[in-house]
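Structure record follows, encoded as structure tokens.
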Amino acid sequence: MAARKTGTSPHTRYRHAREHLADLEAQYAKIERSRPRTVGKRGWRTRRLHMLAGQLRSARGMLTKARNAIAQAASERASAKCAAKQRRSDAAKRGWSKRKATREVPVPVPVPAPAQPARAMRFLEERDGEVKQILVDPPSKDDRSAIGSYWHAVGVYRNGGSTALLSRFDGRSIYDARTQRRIRFVTDPALLAEAVAAGLTDFDDLYTEIAWASAA
């Protein structure tokens, strides 16, 4: 006897159950036709027929279960389609209500945020033979780093008079985004001495917050 097939979908289980039932019915009919009429000779065939009869009852039960599973799956698909249709309808209604509310409510005009004060750096500039402390806005990271190193060199000069560190800034300049021009480093010892005497190198913070419109 062929092994009973198994499947996953209701239709596959129904088809396998039908094939299994047809196979058992064919075996039962074959043995029934070939069973001798003599009592002694038909004993083993009778026992086989009894066993097949039990298997037939079980196969018919499995066929009924498979048929019921097909009906249940069809019912679930129909319910799922109805639910999906209802969800689409509800979503369409919500979208229409939202669009209607958007048309009715005026869109607020965004108010620009107030300008924030910029972070400026202190710097020395020579103007007409004099040194002045100014505020610059160097967009370059290298320029900002160079300004920090420059003030360190100025501090060394102010405390000990050495210009060794200042020599690296000879002929160099930084770009100021505020005035859109390049400004050279002040490295002349005479001008730096004037700046020290005027207190232009005395401050606590290299950076300061200032509104450019009032810093001119």
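The values are calculated or read from the model by the stated rules, or taken from the named source; none is laboratory data. Since the structure is predicted, the reported quantities are computational estimates derived from the model, not experimental observations. Glycine also receives a Cβ, built like all others from the backbone with ideal geometry; neighbour counts cover every protein chain displayed.
Tabulated values for the structure
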quantity: Filtered residues of segment 181-203 (kept if of a type in the set (D, E, K, R) and under 14 Å from residue 134 (Cα atoms)); calculated: 181, 182, 184, 202
quantity: In segment 6-62, the residues that are outside any helix (DSSP H, G or I) and either of a type outside the set (Val, Ile, Thr) or modelled with pLDDT of 80 or more (or both); calculated: 7, 9, 35, 36, 37, 40, 41, 42
quantity: Segment 90-123, subset part of a helix (DSSP H, G or I), of a type in the set (Gly, Ala, Ser) and surrounded by 10 or more Cβ atoms within 10 Å (Cβ to Cβ), residue modelled with the lowest pLDDT; calculated: 97
quantity: Boolean, residue 148 is at pLDDT 90 or above and in a helix (DSSP H, G or I); calculated: yes
quantity: Output for segment 20-36, where each listed residue is farther than 12 Å from residue 64 by Cα and surrounded by 14 or more Cβ atoms within 10 Å (Cβ to Cβ); calculated: 20, 23, 24, 25, 27, 28, 31, 35
quantity: Residues located in segment 166-198, provided they are free of Cβ contacts under 8 Å to residues at least 12 places away in the same chain and in a strand (DSSP E or B); calculated: 181, 182
